[in-house]
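Heads up: the structure comes next, in structure tokens.
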Amino acid sequence: MVIGSILITIFLVISIALIKGRLSFLVASYNTMDVVEKTNYDEKKICKNAGIELLSADIVLIIVMILLNTDYGNSHSTSIGLIATVIIVTLTFGNVILTQKRK
């Protein structure tokens, strides 16, 4: 419970900073681009998008942690974990599909 709370707090702080447009070095493949390539992308939008995705995963983790600390969670922990995994993967793919540029 304590370790889960610490991780959730760290993820929450990082997601809020990303939503505000900071910590762009944490965004995968954006941090490895050249300066010339980075001019083609809006850094604040990329950070906001990554922050929203991390925040949604953090909310799912909070719900899972609350459910696992109940009597229902003790008997159905595998099901809760699988459902949380499906939700996080669905949110990630949905985020990728919705944020693609249309030509």
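Hand me the chymotrypsin sites (Phe, Trp or Tyr not before Pro) from the range 24-103 located in a DSSP loop with no more than 15 other Cβ atoms within 10 Å, in residue order please.
Of the chymotrypsin sites (Phe, Trp or Tyr not before Pro), the ones in loops of the range 24-103 whose Cβ has at most 15 other Cβ atoms within 10 Å are TYR41.
Among all lysine pairs in the chain that are eight or more places apart or on different chains, how many have alpha carbons less than 17 angstrom apart?
8
Please identify the helices of the chain, taking whole runs of DSSP H, that span at least 27 Å along their own axis as judged from the Cα atoms and have a mean Kyte-Doolittle score of 1.0 or higher.
43-68, 77-98
(i) 1.28; (ii) 1.61; (iii) 0.96: which one is Cα Rg over 2.2 N^0.38 Å as calculated from this entry?
The listed entry that was calculated here is (i).
Compute the length gained on full extension between THR90 and ILE59: take 0.36 nm times their separation in residues and subtract their Cα-Cα distance, giving the result in nm to one decimal.
Stretched fully, the THR90-ILE59 segment lengthens by 9.8 nm.
Please check: in the Gaussian network model of the chain (C-alpha springs, under 10 Å), which one of LYS20, LYS48, LYS38 has the largest mean-square fluctuation.
LYS38
Values quoted throughout were computed directly from the atomic coordinates according to the rules given, and no laboratory measurement underlies them. All values derive from a computational prediction rather than experimental measurement. Here the Cβ is made from the backbone with ideal geometry for all residues, glycine too, and neighbour counts use every protein chain on show.
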